[in-house]
Amino acid sequence: MSGTQWSEFERGCMEQALKIAKQGEGQVSPNPLVGCVLARDGKIIAEGWHDHLGDLHAEQAAIADAEARGVATQGATAFVTL
């Protein structure tokens, strides 16, 4: 995205998504490592990653994490490494 500037918070969200994606290492091949962070109002509200081949996608896992925490995802931004 040419010309797009990320805030420090947005960059931190993507760095966290990259970090948690690594938790699927050695378990998701031939699929890529994928992490997802859901954020709203300057706070990370949930996160997820593709954990095992055939398991939830990172985005689905992040939504499930939000549900488990009792946090609504409406209005959240998803930072996804894929």
- [ ] Sort through 58, 76, 62 and tell me the only one that's in contact with a Lys or Arg (Cβ under 6 Å, 6 or more places away or on another chain), modelled with pLDDT of 95 or more, buried (at least 17 other Cβ atoms within 10 Å of the Cβ) and not polar (S, T, N, Q).
- [x] 76
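Would it be correct to say that residue 4 is β-branched (Val, Ile, Thr), at pLDDT 95 or above and over 12 Å from the mean Cα position of the chain (by Cα)? Can you show your working first?
Values: β-branched (Val, Ile, Thr): yes; at pLDDT 95 or above: no; over 12 Å from the mean Cα position of the chain (by Cα): yes.
No; evaluated as a whole, the condition is false for this residue.
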Open item on the list: Filter segment 10-41 down to the residues that are in contact with a Ser or Thr (Cβ under 9 Å, 6 or more places away or on another chain) and assigned to a loop (DSSP other than H, G, I, E, B) and list them by number.
Closed with: 32, 33, 34
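The values are calculated or read from the model by the stated rules, or taken from the named source; none is laboratory data. Quick caveat: nothing in here was measured; it's all calculated off a predicted structure. So basically every Cβ, Gly included, is an ideal-geometry build from the backbone, and we count neighbours across all protein chains shown.
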